[in-house]
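S.K.: Below: one structure in structure tokens.
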Amino acid sequence: MRFSLNRKRFRDLTEQQVLALAISSEEDDAQIYRGYAESLRAEFPDTAAIFDGMAAEEDEHRKRLIDLHVKRFGPTIPLIRREHVSGYYARRPVWLTQNLGLERIRAEAAAMEHDAEHFYLAAAARTTDADTRKLLGDLAAAEAGHQSAAENLSKTHLDPDTLADEDSRAHRQFILTWVQPGLAGLMDGSVSTLAPIFATAFATHDTWTTFLVGLAASVGAGISMGFTEAASDDGELSGRGSPTKRGFASGIMTTLGGLGHALPYLITDFWTATMIAIVVVFVELWAIAWIQNKFMDTPFFRAALQVVLGGALVFGAGVLIGSG
């Protein structure tokens with residue numbers, strides 16, 4: 001709360017402080033664009049070149065702003081940043097942008113330029129001082145110029161074929177890093193836990209015991225699948241991406257796959273819980289078939305036959321073992 005109270009309102013800033021704020025903002029945005037470029041350079045060099053160019057544009061505008069500050073106020077620039085000003089547009093912390101997808105990074109950059117231009121235009125409209133209005137208008141024009149420069153850079157580096165190729169690679173990477181291990185985990189969690197859960201259910205007719213067995217089986221399978229996925233391939237040669245991401249995707253989806261038909265046994269009535277669990281299993285198996293069809297290009301009926309038939313066999317085995 002103290003930090004918020006110590007913030008200064010934008011309309012209370014002097015012209016020198018507004019200019020200093022613009023300089024620091026240009027520095028921040030240039031660093032963000034360079035960070036985007038570095039994170040994309042290995043896989044998407046053409047888009048990385050766009051962000052290199054945008055960073056260079058920010059540097060040029062910062063230089064012009066500094067020259068203006070030296071001319072008007074001297075060489076000493078006040079230390080003021082966007083977090084010191086109430087209501088000033090914010091930027092996402094770098095650790096929240098490191099793992100964004102290609103299309104999301106492009107959208108994030110467009111939003112950055114739009115936010116900056118909008119803010120300066122709104123601020124210029126509120127001021128009654130002619131010099132301040134001109135200064136803020138110039139800053140808004142600079143941000144609009146950034147957007148034009150970005151569009152020109154996109155035309156230079158991203159022809160339709162290159163753009164389609166980068167988007168295809170980004171989609172493939174998403175499949176390899178998240179969908180494939182997540183799908184494997186969901187299948188394992190949904191199918192492998194059927195037998196112990198339903199065997200326990202029909203052997204004991206005790207819903208709480210069944211839930212505990214299902215919980216243990218789901219969590220145990222999730223931990224096992226997560227560590228196995230992370231340790232099996234570091235992603236360097238296969239290009240499947242971060243082992244940590246793949247491990248989390250596989251482990252979490254494995255756990256969720258098992259918990260789906262374990263949670264109904266929190267209901268105390270055995271047959272009610274069992275009927276709901278069977279419906280959940282039915283939905284899970286068809287969802288897996290749909291995901292395989294949509295993301296893995298597996299023909300739907302083949303995926304359904306593999307998953308639903310396999311799940312039905314495991315379910316039947318669990319019921320027979322438990323009933324015996």
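S.K.: Quick one: dipole size for segment 203-297, taken about the Cα centre, charges +1 on Lys/Arg Cβ and -1 on Asp/Glu Cβ, in debye to the nearest 20.
M.R.: Roughly 140 debye, rounded to the nearest 20.
S.K.: Which residue, ALA55, GLN17, TYR36, has the largest displacement toward the positive end of the dipole of segment 1-59 when charges sit on each Cβ (Lys, Arg +1; Asp, Glu -1)?
M.R.: Working it through, the farthest residue towards the positive pole turns out to be GLN17.
S.K.: If we count other beta carbons within 10 Å of each Cβ, what is the order of LYS134, LYS71, fewest first?
M.R.: By the 10 Å Cβ count, ascending: LYS71, LYS134.
S.K.: Shifting gears a bit: In segment 165-323, if the dipole is taken from +1 on Lys/Arg beta carbons and -1 on Asp/Glu beta carbons about the Cα centre, which of SER250, LEU305, PHE211 is farthest to the positive end?
M.R.: Result: LEU305, furthest along the dipole toward the positive end.
S.K.: Pull out the extension gain between ILE276 and ALA125, defined as 0.36 nm times the separation in residues minus the alpha carbon to alpha carbon distance; nm, one decimal.
M.R.: The ILE276-ALA125 span can extend by a further 48.3 nm.
S.K.: Let me ask something else. Using label points projected 7 Å from each Cα along Cα→Cβ, tell me how many nm separate SER242 and LEU68, to one decimal.
M.R.: The answer from the label model is 3.9 nm.
S.K.: A follow-up question, please. Give, in nm to one decimal, the length gained when the segment between THR204 and TRP286 is fully stretched (0.36 nm per residue of separation minus the Cα-Cα distance).
M.R.: Between THR204 and TRP286, full extension yields 26.7 nm more.
S.K.: Using only the Cα atoms of segment 1-90, build the gyration tensor, take square roots of its eigenvalues as a ≥ b ≥ c, and label the shape rounded, prolate or oblate: rounded if a/c is under 1.5, else prolate if a/b is larger than b/c, else oblate.
M.R.: Because a/c hits 1.5 or more and a/b fails to exceed b/c, segment 1-90 counts as oblate.
S.K.: At 7 Å along Cα-to-Cβ for each site, give me the label-to-label distance between GLU83 and VAL219 in nm.
M.R.: In this crude label model, GLU83 to VAL219 measures out at 3.7 nm.
S.K.: Moving on to the next point. Evaluate the charge dipole of segment 165-323 about its Cα centre and quote only its size in Debye, nearest 20, assuming +1 on the Cβ of each Lys and Arg and -1 on the Cβ of each Asp and Glu.
M.R.: Its charge dipole is roughly 140 debye.
S.K.: Set the Förster distance to 51 Å, then compute FRET efficiency between ALA56 and SER232 from the Cβ-Cβ distance, nearest 0.05.
M.R.: After rounding, the FRET efficiency stands at 0.75.
S.K.: Take the alpha carbon gyration tensor of segment 227-319, find the square roots of its eigenvalues, order them as a ≥ b ≥ c, and report rounded if a/c is under 1.5; if not, report prolate when a/b exceeds b/c, else oblate.
M.R.: oblate
S.K.: Note down the nm distance, to one decimal, between modelled labels 7 Å out along Cα→Cβ at ASP269 and at GLU43.
M.R.: 5.0
S.K.: Follow-up question, since we're still on this one. Quick one: which residues, 5 or more positions from SER86 or on another chain, have an amide H under 5 Å from its amide H? H modelled 1.01 Å from N in the peptide plane, none for Pro or chain starts.
M.R.: LYS8, ARG9, PHE10
Readers should treat all values here as calculations from the given coordinates under stated rules, not as data from a laboratory. Given the structure is predicted, the values throughout are model-derived calculations rather than measurements. We place every Cβ from the backbone using ideal geometry, glycine too, and count neighbours over all the protein chains shown.
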